[in-house]
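Novice: Take a look at this one; I'll ask things after.
The values are calculated or read from the model by the stated rules, or taken from the named source; none is laboratory data. Quick caveat, the model's predicted, so the values are computed rather than measured. All Cβ positions, even for glycine, are placed from backbone atoms using ideal geometry, and neighbour counts span all protein chains on display. Heads up: the accessible areas ignore ligands, DNA and RNA and are worked out on the full protein's heavy atoms, side chains in. Shrake-Rupley method; radii C 1.70, N 1.55, O 1.52, S 1.80 Å.
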There are 2 protein chains.
Amino acid sequence: MTTTVPTAVFLDRLARARASMRASGVDALLVSVGSDLPYLTGYEAMPLERLTMLVVPRDGDATLVIPRLEAPRVVEQPGAFTMRPWDETDDPVAIVADLVARPAVAAVGDTMWARFLVDLLGHWPSSSTRFVRSTTVMNALRMCKDAAEIAALQAAGAAADRVAAQLHAGEIALVGRTEAEVSADIGARLIAEGHDVVNFAIVAAGENAASPHHHAGGHVIRDGELVLCDFGGTMDGYCSDITRCVSLGAPPAEVADAYAVLHEAQAAGVAAGVVGAACHEVDRAARRIITDAGFGQYFIHRTGHGIGMEAHEDPYMVEGNTLPIAPGHAFSVEPGIYVAGRWGMRLEDIVVATVDGPLPMNVADHALVTLG
Amino acid sequence: MTTTVPTAVFLDRLARARASMRASGVDALLVSVGSDLPYLTGYEAMPLERLTMLVVPRDGDATLVIPRLEAPRVVEQPGAFTMRPWDETDDPVAIVADLVARPAVAAVGDTMWARFLVDLLGHWPSSSTRFVRSTTVMNALRMCKDAAEIAALQAAGAAADRVAAQLHAGEIALVGRTEAEVSADIGARLIAEGHDVVNFAIVAAGENAASPHHHAGGHVIRDGELVLCDFGGTMDGYCSDITRCVSLGAPPAEVADAYAVLHEAQAAGVAAGVVGAACHEVDRAARRIITDAGFGQYFIHRTGHGIGMEAHEDPYMVEGNTLPIAPGHAFSVEPGIYVAGRWGMRLEDIVVATVDGPLPMNVADHALVTLG
């Protein structure tokens, strides 16, 4: 768990987090498992029952409460935080509660395990402490990616694009293999292209693709099927996420026609991702085209999600999200059409909003490539 | 996400969960990401920002609140629960809160994301609802493994043992490779031996092994080093976890002597895992031998953790845990000796308590095998 990010970056981020706490009236920020912790300290907590928690009082020093046996993994960042290792028979939640006088408002990390919040409620009941999500504090920092973060997203996107190109070139065998085998193959290629971790590799063929989050399984892929591949991983701390479909043999006219609609909808969604537009305008732009073509009932999810250190994070491209898109917002644009019992398709790129317009992180061929 | 567990098993488990709720005074059980959900329903939730939650009122029907786009993944279990799919613009926490009249005591899953509990506190403040951990309800069911579960632990343990045997036989190249490369190799072998997922593969050589949870990195393994390998995965829903050390060349006397102590301590810990003994007697038995040999300060963690569908779960073999060991309790016994800046060693088996005594799930050679 080394980090190549300079300490000065963490000091700056902590200062900005405290400024955001003042602006949002948060007295204490508590982050554990998830990406806020490495964003603020460079250290990623193990998702285990032993609590690791960075405690940031608005006006005091930050403390990293950490199991003693994991303390050697931390690269200390002088001036950013001090360590408070705890022993196996200590109560780490009591240690956390003692670090801050009962706060009026405490912000807790989204993916922190609920068991620690349950225990914390014993010290800070919700009648005296109002709990809010850490996004209340951290979105002001994390949603707008800086130049280094955009470069990392671009590198991860380019690596995913190379795997997509291998798919399009027919280098990833499909017919006669199970979805699970193809999923493992794609995962290995993501690693070979530079990713550190595979986050998911959905492979869904034929009617399985009508389930947007299908779990790649024992189905043996056959000629004539449409195959949806949605994959991504983490590379140098930032995520990739791309979806492409291929047709094994010439697609039936119905599928080709639907794909043309999907292709147009996805491009419209990307084009709508301009600075100043409300996030839901991206959803509306893509959905309008699919709805106008008569497929509205088959587009059963939002158009996109933010991405960065997390595969899914704010901002979400969903009806009702009126947040204005700002420079540095990074998000997916991934409309889909799913006809239960028959077929499914989705087309996805990651896009970063810039003052010069939407900047795609993925440029792999957007066509429905026919193989075999 | 198919399951081969018969619906009758889920109906029985839900009935026993409700009995446990009555015994422990819990009005509503809420489980999300984690293993309680597949234990009760066969369905594993995706760890995403879209809420999946099984709501079990003590005296009413169970409901699975689930994102509509994930609903096709669920294998329905008639009579066990009904589905309540929610759409992208719905508020799933409000849906959950409406399913149960404000409960006096609500039990929530340990690994549920804290953001959902934060939102739930808006509906059920902690002044009127006391939140407790779902273990309050579920430990009565899950700690004591039934015959099918023990068979699954045994199969996973045997698969991990085969990888350990490959390590001992010198089939896993060490010298000249990085820890990360060896870690990936071990992971691939766990899969080849039947695991569905690799949960971790710690490889720590030389002084790196003094950090018990060392992240396998770029260190190139050299002749003369002691190499600690701690690995495990999930196979048919149940976990393996084993640690073995190998010495590249004859170990120095100091290391050989320490290993002899460790070996004896681990065996003593296993032998102490008898039905009726307090859990911490396992810790004490192992620790006493290490302490008596003068290494006490170098054994910096508890002796073990429970294991089952989770890699770490109750009961924990730690000082202060006076819970009596019961038939079917499954746990690790893994003392270690860690000398900072020099070397580290750990020896670990999974053990199931039975009326006939402790039954090890791992039987791979316990000696410090010398290679090269």
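Novice: Scan segment A:347-362 for residues that are in contact with an Asp or Glu (Cβ under 6 Å, 6 or more places away or on another chain) and part of a loop (DSSP other than H, G, I, E, B) and jot them down.
Specialist: Correct list: A:ASN362 only.
Novice: Would you check which residues across segment B:303-331 are more than 13 Å from every other protein chain (Cβ to nearest Cβ) and closer than 21 Å to B:ALA271 by Cβ and list them? Write out each step before concluding.
Specialist: First, pick out the residues of segment B:303-331 that are more than 13 Å from every other protein chain (Cβ to nearest Cβ): B:308-309, B:323-331.
If the condition is that a residue be more than 13 Å from every other protein chain (Cβ to nearest Cβ) and closer than 21 Å to B:ALA271 by Cβ, then B:LEU323, B:PRO324, B:ILE325, B:ALA326, B:PRO327, B:GLY328, B:HIS329, B:ALA330, B:PHE331 are the ones that fit.
Novice: Out of everything in segment B:73-125 that is within 31 Å of the chain's Cα centre (by Cα) and among the hydroxyl-bearing types (Ser, Thr, Tyr), what residue ends up being nearest to the other protein chains (Cβ to nearest Cβ)?
Specialist: B:THR111
Novice: Taking A:MET46 as the residue in question, decide whether it is within 26 Å of the chain's Cα centre (by Cα) and open to solvent by less than 10 Å² (accessible area, probe 1.4 Å).
Specialist: Spelling it out, it is not the case that A:MET46 is within 26 Å of the chain's Cα centre (by Cα) and open to solvent by less than 10 Å² (accessible area, probe 1.4 Å).
Novice: Going by the structure shown, is A:THR41 surrounded by fewer than 23 Cβ atoms within 10 Å (Cβ to Cβ), under 21 Å from A:VAL5 (Cα atoms), touching a residue at least 12 places away in the same chain (Cβ under 8 Å) and of a type in the set (Ser, Thr, Tyr)? Outline the logic, then answer.
Specialist: Details: surrounded by fewer than 23 Cβ atoms within 10 Å (Cβ to Cβ): no; under 21 Å from A:VAL5 (Cα atoms): yes; touching a residue at least 12 places away in the same chain (Cβ under 8 Å): yes; of a type in the set (Ser, Thr, Tyr): yes.
No; evaluated as a whole, the condition is false for this residue.
Novice: Do we have A:HIS280 as open to solvent by less than 10 Å² (accessible area, probe 1.4 Å) and not in a loop (DSSP other than H, G, I, E, B) here?
Specialist: No; evaluated as a whole, the condition is false for this residue.
Novice: Given the criteria in the same structural domain as B:HIS366 (by TED's automatic domain parsing), open to solvent by less than 40 Å² (accessible area, probe 1.4 Å) and in a strand (DSSP E or B), does B:GLY344 qualify? Lay out the reasoning, then the answer.
Specialist: On the way: in the same structural domain as B:HIS366 (by TED's automatic domain parsing): yes; open to solvent by less than 40 Å² (accessible area, probe 1.4 Å): yes; in a strand (DSSP E or B): yes.
Spelling it out, B:GLY344 is indeed in the same structural domain as B:HIS366 (by TED's automatic domain parsing), open to solvent by less than 40 Å² (accessible area, probe 1.4 Å) and in a strand (DSSP E or B).
Novice: If you go through segment B:125-156, how many residues are in a loop (DSSP other than H, G, I, E, B), within 25 Å of A:SER127 (Cα to Cα) and in contact with a strand residue (DSSP E or B) (Cβ under 7 Å, 6 or more places away or on another chain)? Quick ask: steps written out before the conclusion?
Specialist: Here is the first cut: in segment B:125-156, the residues in a loop (DSSP other than H, G, I, E, B) are B:125-129, B:134, B:143-146.
If we keep only those that are within 25 Å of A:SER127 (Cα to Cα) as well, we get B:125-129, B:134.
Subsequent filtering for residues that are in contact with a strand residue (DSSP E or B) (Cβ under 7 Å, 6 or more places away or on another chain) retains B:129, B:134.
The number of residues fulfilling the criteria is 2.
Novice: Let me ask another. From the set of residues in segment A:1-28 that are within 13 Å of chain B (Cβ to nearest Cβ) and aliphatic (A, V, I, L, M), which is nearest to A:GLY79 (Cα to Cα)?
Specialist: From segment A:1-28, those within 13 Å of chain B (Cβ to nearest Cβ) are A:1-4, A:26; that's our starting set.
Those left that are additionally aliphatic (A, V, I, L, M): A:1, A:26.
Details: A:MET1: 19, A:VAL26: 22 Å.
Restricting to residues being within 13 Å of chain B (Cβ to nearest Cβ) and aliphatic (A, V, I, L, M), the top hit is A:MET1.
Novice: Here is a further query. Run down B:ASP91, B:ASP36, B:ASP98, B:ASP27 and say which single residue is open to solvent by 10 Å² or more (accessible area, probe 1.4 Å), at pLDDT 95 or above and in contact with a Ser or Thr (Cβ under 6 Å, 6 or more places away or on another chain).
Specialist: B:ASP36
Novice: For B:MET138, indicate whether it is among the aliphatic types (A, V, I, L, M), under 16 Å from A:VAL118 (Cβ atoms) and within 7 Å of chain A (Cβ to nearest Cβ).
Specialist: No, not satisfied.
Novice: Could you count how many residues in segment B:53-72 are more than 14 Å from chain A (Cβ to nearest Cβ), in contact with a Phe, Trp or Tyr (Cβ under 8 Å, 6 or more places away or on another chain) and among the basic types (Lys, Arg)?
Specialist: 0
Novice: Which one of these is at negative phi, assigned to a helix (DSSP H, G or I) and touching a residue at least 40 places away in the same chain (Cβ under 8 Å): A:ALA8, A:ALA23, A:ALA97, A:ALA71?
Specialist: A:ALA23
Novice: Let me ask you something else. Being assigned to a loop (DSSP other than H, G, I, E, B) and of a type in the set (Ser, Thr, Tyr) is the filter; apply it to segment A:283-330 and report the residue that is most open to solvent (accessible area, probe 1.4 Å).
Specialist: Looking at residues that are assigned to a loop (DSSP other than H, G, I, E, B) and of a type in the set (Ser, Thr, Tyr), I get A:THR322.
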